[in-house]
Amino acid sequence: MQSASRPLRRWSELDGKTFFLCIGAAKCGTSWLHHYLGGLAGAVVSPLKEVHFFDTRYPEAALGDMEGMARMRLKWHLEQGGEALDSPTYRASVDRVQMGYDENAYFGHFARLCGPETRAFCDITPGYSAIGVEGFKEIKRFAQSQDVRLRVLFVMRDPVARMWSQLRHLEQVNPANAIGQRWREAIVSAPLAARADYAGIVTAMEQVFAPQERLCLFYESLFGEASLTALCQFAGLTFAPGNPKERHNETRVKTAMPEGLAEALQDRLAPQYVFCRERFGAAVPDSWAA
């Protein structure tokens with residue numbers, strides 16, 4: 001992790017705006033949210049969707065080398081040349097690589113994207129859910145360096161269904177993950193366990209972020225008017241209906257669940273169901289299995 005002792009540059013372009021972070025969870029509609037927020041008046045989202053800035057500062061929680069991936073993405077753009085160098089994603093890719101060398105480039109990226117009409121700028125990176133109390137304190141430090149309103153959203157989904165979707169997605173990204181054969185080691189890996197630990201994530205949020213700075217919603221009801229209204233009010237944006245039928249970054253691998261995995265996940269994730277029902281009560285969707 002980079003040193004926290006150096007003062008951060010103040011970006012006047014961000015003054016008075018909402019710094020909106022969606023920290024996950026993975027496979028809980030965050031790609032849909034990126035598209036939805038990007039279409040709202042007054043909202044700015046990064047062209048990268050997942051910026052992966054704060055989580056790369058805590059590599060023990062990472063699922064891969066995000067700095068290396070950022071450099072590979074920029075290299076791809078440079079190799080394409082032509083129109084690829086005129087795209088918003090190319091300029092964002094330049095910004096992202098710079099973040100690995102200069103932490104001021106993080107807010108500089110959003111300062112470049114924001115205009116006078118911007119009310120909220122948004123970083124939607126599910127990997128942030130795994131960085132714990134110290135990582136959340138780092139987010140807080142960054143927010144306090146600017147004249148912004150910090151708002152942190154965490155979305156939860158039925159724990160077993162969410163984990164199964166993430167396991168299939170990992171196989172989609174890299175067939176070598178072969179979930180059918182490797183699920184036993186996958187479900188006990190530290191980065192995946194951290195992402196599945198709703199109790200730990202919510203408790204860490206409560207420890208670091210003030211009540212007005214944090215919001216928890218549920219995937220199963222996320223796309224409805226009530227949740228989106230709450231989200232927009234939280235971010236300081238004007239509500240507009242979303243299209244729940246749209247799919248973004250849907251997991252295409254449809255591997256059948258291996259024998260024994262459902263029981264293993266139910267056993268491993270049982271405390272998460274208990275925690276959520278104790279903490280959120282009737283807000284927990286009826287469809288949650290355990």
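Summary table below
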quantity: Single condition Arg6 does not satisfy, out of (1) touching a Gly at 6+ places or on another chain (Cβ under 9 Å); (2) farther than 24 Å from Tyr219 by Cα; (3) in a loop (DSSP other than H, G, I, E, B); (4) of a type outside the set (Asp, Glu); calculated: (1)
quantity: Residue check for Leu33: among the aliphatic types (A, V, I, L, M), open to solvent by less than 10 Å² (accessible area, probe 1.4 Å), in contact (Cβ under 8 Å) with a residue 24 or more places away in the chain and farther than 18 Å from Glu134 by Cα; calculated: yes
quantity: Boolean, Ala194 is touching a Leu at 6+ places or on another chain (Cβ under 9 Å), surrounded by 13 or more Cβ atoms within 10 Å (Cβ to Cβ) and not hydroxyl-bearing (Ser, Thr, Tyr); calculated: no
quantity: Residue in the stretch 99-110 that is under 30 Å from Ala41 (Cβ atoms) and either among the polar types (S, T, N, Q) or modelled with pLDDT under 95 (or both) present; calculated: yes
quantity: Filter pass, Leu40 being open to solvent by 20 Å² or more (accessible area, probe 1.4 Å), in contact (Cβ under 8 Å) with a residue 40 or more places away in the chain and more than 27 Å from Gln207 (Cα to Cα); calculated: no
quantity: Residue in the stretch 197-211 that is nearest to Gly135 (Cα to Cα), counting only those that are open to solvent by 10 Å² or more (accessible area, probe 1.4 Å) and not polar (S, T, N, Q); calculated: Val208
quantity: Filtered residues of the stretch 138-188 (kept if without any contact (Cβ under 8 Å) to a residue 12 or more places away in the chain and of a type in the set (D, E, K, R)); calculated: Arg182, Glu185
quantity: Unique residue being of a type in the set (Asp, Glu), farther than 22 Å from Pro59 by Cα and surrounded by fewer than 20 Cβ atoms within 10 Å (Cβ to Cβ) when the list is Glu185, Glu225; calculated: Glu225
quantity: Out of Ala194, Ala270, Ala283, sole residue that is within 17 Å of Ser165 (Cβ to Cβ) and not charged (D, E, K, R); calculated: Ala194
quantity: Residue satisfying all of: in the stretch 57-70; outside any loop (DSSP other than H, G, I, E, B) and open to solvent by less than 30 Å² (accessible area, probe 1.4 Å); modelled with the lowest pLDDT among these; calculated: Ala61
quantity: Pairs, first within 17 Å of Trp11 (Cβ to Cβ) in the stretch 90-111, second among the basic types (Lys, Arg), C-beta under 8 Å, six or more apart; calculated: Arg91/Arg112; Asp95/Arg112; Arg96/Arg73; Glu103/Arg6; Asn104/Arg9; Phe107/Arg9; Gly108/Arg9; His109/Arg96
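Per-residue answers, yes or no, for (1) modelled with pLDDT of 95 or more; (2) under 21 Å from Leu14 (Cα atoms); (3) crowded, with 19+ Cβ neighbours inside 10 Å:
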residue: Gly115; (1), (2), (3): yes, yes, no
residue: Ile139; (1), (2), (3): yes, yes, yes
residue: Asp158; (1), (2), (3): yes, no, yes
residue: Ala161; (1), (2), (3): no, no, no
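The values are calculated or read from the model by the stated rules, or taken from the named source; none is laboratory data. Please read all numbers here as calculations on a predicted model, not as lab measurements. Cβ coordinates were reconstructed from backbone atoms using ideal geometry, including for glycine residues, and neighbour counts include every protein chain displayed. Accessible surface areas use protein heavy atoms only, side chains included; no ligands, DNA or RNA. Shrake-Rupley method; radii C 1.70, N 1.55, O 1.52, S 1.80 Å.
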